[in-house]
Amino acid sequence: MSRIVLKSAAVAFGSVAISLLLTLIIVPAMGFPVDRTVWLTSTVCPLALAWIACASTFWQSDRLKSAHRDLARAHAQLAAAHRRLSAKASRDDMTGMLNRESFFAALDGSRRKSDRGALLIIDADHFKAINDNFGHLTGDDALVLIASAIERGVRSGDVLGRIGGEEFGAFLVGATEAEARRVAERIRREVELVRFRPVDERTVPLTVSIGGITCAQDADVSDLMRAADRRLYEAKHRGRNLSILDRDISEAA
């Protein structure tokens, strides 16, 4: 408020100075004497009017600036909340990985940017037995451990998602066949090394089966999923705790 008063006073006294200057020039030029009434009129009127008008203008201006700052702050908070909600909506609550819809959207986006890469489908072995023997909450604990092992097995920049109850997807961006095989085997080994002890000190083994396919140039996401699924089924059929990967769609058919 004091700043508004000072700014208004400066403008008001400036107005008085200009008014007096004009009075001293114009009134004598018109042949009239510069008496007390003229002096008072030239001083009091601009002083009062300018001060009031300026104070009102500066006050309104400060209110508008304050409202603009509040609006900008609220907009920034709303944008941050929207980003948090969007991130939460795209993630699986249990594992923190992308959910099924977001994973396939990210996979499709990565495929548009680069033809090279590999898709892995990772499925927990004998997971129904864990749920049946120890309960679903214990099964959830096992899934979190498996998800962490998968994250340790992939490379920085690879896309991970939980695409089913105990099924995960990994898109290895830009990976060659040899790189994809190494990553798949590393994931399998990381899960196998987990020491899961749901009851007392007895360790319950955790393993995964992995089916994979490297990306053919014109293959779409549905083709890649079907091909990787076939290799996953083969890994399950051959005894589980295996990773099987093909070079392209034609070999997986």
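The values are calculated or read from the model by the stated rules, or taken from the named source; none is laboratory data. This structure is a prediction, so every number in the text was calculated from the model and none was measured. Please note: Cβ atoms are built from the backbone with ideal geometry, for glycine as well, and neighbour counts cover all protein chains shown. Just so you know, the surface numbers come from the protein's heavy atoms only, side chains and all, with ligands and any DNA or RNA stripped out. Shrake-Rupley method; radii C 1.70, N 1.55, O 1.52, S 1.80 Å.
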- Item | Intensity falloff of segment 191-232 expressed as log10 I(q)/I(0), Debye formula with alpha-carbon point scatterers, at q = 0.18, 0.19 Å⁻¹ | -0.61, -0.63
- Calculate, for R116 and Y233, the FRET efficiency according to 1/(1 + (r/R0)^6) with r their C-beta to C-beta distance and R0 30 Å; round to the nearest 0.05. 0.75
- Item | Overall Cα dimensions of segment 157-253, principal axis frame, Å, largest first | 52, 30, 24
- Task: May I ask you to rank E166, E151 by accessible area, largest first, using a 1.4 Å probe over the protein chains only?
- Result: E151, E166
- Can you give the net charge of the other residues whose Cβ lies under 14 Å from the Cβ of H136, counting K and R as +1 and D and E as -1? -3
